[in-house]
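Presented below is the structure to which this report refers.
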Amino acid sequence: VTGTNGKTTTVRLIAHLLTAGGLRTGMTNTDGVYIEGRRIDSGDCSGPRSARNVLMHPDVDAAVFETARGGMLREGLAFDRCKVAVVTNIGSGDHLGLNYITTLEDLAVLKRVIVQNVSASGMSVLNAADPVVAAMADNSPGAVTFFALDASHPVMATHRAQGQRVVYVDNGHLVAAQGKDEYRV
């Protein structure tokens, strides 16, 4: 999971869902490293070194990583391929100024690295409401799911009309849709 804002919350939510699904889950974020809900390291653990610790842990079936720009710039990624990449947003680029990342375009090039490393059978989950993030779809070797609050957003409507996956909010319900099929939570 990468982006400028919302990474830690998104990582926690995904890890919770994987755990509820019966998987032994490892997670890294800016609060620490967690294995099956137990913190084994504290501090900012959103870099590749912490992610590698989770990948090598014998009690982990699924791993969820907060992937911050600093770690990617210093050490790259902790993995060659991932099943799912999530990009929350780029927005106005409130994380500029580190290691020559001075423009939104620079930040987008860096953040899309996880999208480029999705396996061919994997999924990129991208914010359709952020044009910089939505444009990353062209860089995904796997399928793309777009998300936004508004189902009628042009990127969402086009993607769904093409029979692809979208996730949005409708009257307080989370809706996952593909083509004409919908699943409401």
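The values are calculated or read from the model by the stated rules, or taken from the named source; none is laboratory data. Everything numeric here is computed off the predicted structure, so don't read it as measured data. In this analysis, Cβ positions are derived from the backbone assuming ideal geometry, glycine residues included, and neighbour counts consider all displayed protein chains. Side chains are part of the model used for accessible areas, which takes the heavy atoms of the whole protein and leaves out ligands, DNA and RNA. Shrake-Rupley method; radii C 1.70, N 1.55, O 1.52, S 1.80 Å.
The residue pairs whose first member lies in the range 36-47 and is more than 23 Å from G21 (Cβ to Cβ) and in contact (Cβ under 8 Å) with a residue 12 or more places away in the chain, whose second member is crowded, with 16+ Cβ neighbours inside 10 Å and of a type in the set (F, W, Y), and whose beta carbons are closer than 8 Å, counting only pairs six or more residues apart or on different chains, are S46/F65. Within the range 15-30, being touching a Ser or Thr at 6+ places or on another chain (Cβ under 7 Å) and modelled with pLDDT of 95 or more holds for A15, L18, T19, T25, T28, N29. Looking for something of a type in the set (F, W, Y) and either buried (at least 20 other Cβ atoms within 10 Å of the Cβ) or under 23 Å from L18 (Cβ atoms) (or both) - is there at least one such residue anywhere in the range 93-106? No, the range 93-106 has no match at all. Among the residues of the range 95-105, is there at least one that is under 28 Å from I40 (Cβ atoms) and either out of contact with any Cys (no Cβ under 8 Å at 6 or more places or on another chain) or among the small types (G, A, S) (or both)? Checked the range 95-105: at least one residue is under 28 Å from I40 (Cβ atoms) and either out of contact with any Cys (no Cβ under 8 Å at 6 or more places or on another chain) or among the small types (G, A, S) (or both).
G70 falls short on exactly one of the conditions (1) open to solvent by 70 Å² or more (accessible area, probe 1.4 Å); (2) part of a helix (DSSP H, G or I); (3) in contact with a strand residue (DSSP E or B) (Cβ under 9 Å, 6 or more places away or on another chain); (4) modelled with pLDDT under 95, and that condition is (1). Restricting V11, V60 to those that are hydrophobic (A, V, I, L, M, F, W, C) and buried (at least 19 other Cβ atoms within 10 Å of the Cβ) reduces the list to V11. Checked against (1) at pLDDT below 95; (2) out of contact with any strand residue (DSSP E or B) (no Cβ under 8 Å at 6 or more places or on another chain), M56 passes all but a single condition, namely (1).
In the range 130-185, the residue that is nearest to D106 (Cα to Cα) out of those that are loosely packed, with under 12 Cβ neighbours inside 10 Å and of a type in the set (G, A, S) is S152.
For the range 81-92, the candidate set comprises residues that are at pLDDT 95 or above and open to solvent by 50 Å² or more (accessible area, probe 1.4 Å); within that set, the residue that is farthest from T8 (Cα to Cα) is R81.
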